[in-house]
Amino acid sequence: MSYYKVLGFNKEPFSTSPDPTFFYESREHEMALTNLMIDLRLKRGLNLILGDVGTGKTTLSRKLFQLLRSQDKFITHMILDPVYNDEETFLTYLLRNFDIEHSTIGPAILNLKEALEKFLYQKGVEENRTVILIIDEAQKLNEMTLECLRVLLNYETNEFKLLQLVLLGQMELYPKIMNITNFMDRISFKFTLNPLNEEETKQLIEFRVKQAGYNSNMHLFLEEATKEIYRYSRGYPRRINMLCHKALKALVMKNKFVVDYGLIKEMIDQEMRHGLHTYSYTGS
């Protein structure tokens with residue numbers, strides 16, 4: 001039996017997989033999601049979400065994707081690992097995933113671009129639908145692919161952009177974009193995700209515990225434990241989830257009922273001894 005079932009959960013509460021069911025809407029995540037949905041509906045073009053490793057960009061992207069796929073007027077595709085060696089490979093990938101047919105007679109890149117433009121016009125103008133491309137880990141985009149995306153953003157009517165683009169990436173994406181001529185001025189919405197504060201850290205833990213099916217009236221994580229989790233994680237959701245996951249496994253192994261300060265401190269000390277910590281930590 002899985003450890004989380006022993007504790008009364010229906011599913012694992014602190015998986016680091018980006019399950020939108022466990023998307024905790026902090027103030028900043030809610031602001032980012034709301035603004036993205038508004039700009040996508042208005043067909044404004046380019047949207048940019050930045051954040052350090054572990055701030056919740058990927059989970060945000062999955063939640064956004066889930067919301068968009070639930071509405072027929074949106075045609076949405078997501079790229080998870082945007083590494084392409086040349087323009088033809090990238091354009092071919094886009095056409096294949098949007099199920100677009102193209103001519104194989106004549107210049108390949110020209111044919112690919114013409115087919116994509118025709119598709120975007122048909123969907124956006126004739127069918128009044130919105131075509132959206134979400135790119136996670138966008139800091140991996142090379143200059144060639146960014147330039148290709150800039151050109152695709154030129155496809156527009158007098159009223160709106162034909163392709164809606166959402167880039168989510170680490171902070172090094174920003175200087176890359178700045179180096180592309182006429183790319184920055186195409187950004188409709190730009191937002192930087194910051195780590196959670198102490199109260200949001202507590203709410204994140206309680207939210208994920210509840211979402212996983214824990215029904216007891218007793219708090220599983222005591223207040224001093226959540227305070228120590230915040231001090232160690234500095235509010236980074238990925239680090240919070242990893243530490244809470246370890247704490248729950250230890251809870252089962254030690255036959256305890258609640259996660260207290262001592263248990264969290266023990267998990268932190270283990271990470272420190274094995275060099276697994278990635279943030280400065282002063283303890284309490």
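The values are calculated or read from the model by the stated rules, or taken from the named source; none is laboratory data. Since this is a predicted model, take the numbers as computed values, not measurements. Cβ coordinates were reconstructed from backbone atoms using ideal geometry, including for glycine residues, and neighbour counts include every protein chain displayed.
The figures follow:
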| item | result |
| --- | --- |
| Residue in the range 110-122 that is assigned by TED's automatic domain parsing to the domain that holds L167, part of a loop (DSSP other than H, G, I, E, B) and within 26 Å of L42 (Cα to Cα) present | no |
| Scope the range 1-20; condition in contact with a helix residue (DSSP H, G or I) (Cβ under 6 Å, 6 or more places away or on another chain) and either modelled with pLDDT of 85 or more or under 22 Å from V53 (Cβ atoms) (or both); matching residues | E12, P13, F14, T16, P18, P20 |
| Any hit, the range 235-250, residues being touching a Leu at 6+ places or on another chain (Cβ under 8 Å), surrounded by fewer than 21 Cβ atoms within 10 Å (Cβ to Cβ) and aliphatic (A, V, I, L, M) | yes |
| Test: E88 is more than 19 Å from the chain's Cα centre (by Cα) and either in the same structural domain as N142 (by TED's automatic domain parsing) or crowded, with 18+ Cβ neighbours inside 10 Å (or both) | yes |
| Complete set of residues in the range 170-196 that are over 22 Å from R41 (Cα atoms), within 19 Å of the chain's Cα centre (by Cα), not in a helix (DSSP H, G or I) and not hydrophobic (A, V, I, L, M, F, W, C) | Q170, E172, N194, P195 |
| Filter result (among the charged types (D, E, K, R) and either in contact (Cβ under 8 Å) with a residue 24 or more places away in the chain or not assigned by TED's automatic domain parsing to the domain that holds N142 (or both)) within the range 53-71 | K57, R62, K63 |
| Filtered residues of the range 162-204 (kept if of a type in the set (D, E, K, R), farther than 18 Å from G51 by Cβ, out of contact with any strand residue (DSSP E or B) (no Cβ under 7 Å at 6 or more places or on another chain) and buried (at least 16 other Cβ atoms within 10 Å of the Cβ)) | K202 |
| Residues located in the range 80-97, provided they are touching a residue at least 12 places away in the same chain (Cβ under 8 Å), outside any helix (DSSP H, G or I) and out of contact with any Lys or Arg (no Cβ under 9 Å at 6 or more places or on another chain) | L80, Y84, D86 |
| Residue that is nearest to L193 (Cα to Cα) [pool: residues in the range 1-42 that are of a type in the set (G, A, S) and crowded, with 19+ Cβ neighbours inside 10 Å] | A32 |
| Residue in the range 25-40 that is in a loop (DSSP other than H, G, I, E, B), of a type in the set (G, A, S), over 20 Å from the mean Cα position of the chain (by Cα) and over 17 Å from L133 (Cβ atoms) present | no |
| Selection count where residues are basic (K, R) and either exposed (fewer than 15 other Cβ atoms within 10 Å of the Cβ) or closer than 22 Å to D86 by Cα (or both), scope the range 109-161 | 4 |
| Residue within the range 118-133 that is of a type in the set (D, E), at pLDDT 95 or above and more than 26 Å from the chain's Cα centre (by Cα) present | yes |
| Exclusive hit being assigned by TED's automatic domain parsing to the domain that holds G169 and either without any contact (Cβ under 8 Å) to a residue 60 or more places away in the chain or over 21 Å from L162 (Cα atoms) (or both), set N128, N47 | N128 |
| Pairs where the first residue, in the range 163-190, is touching a residue at least 40 places away in the same chain (Cβ under 8 Å) and over 25 Å from E114 (Cα atoms) and the second is of a type in the set (V, I, T) and in a strand (DSSP E or B), C-beta under 6 Å, 6+ apart | L168/I49 |
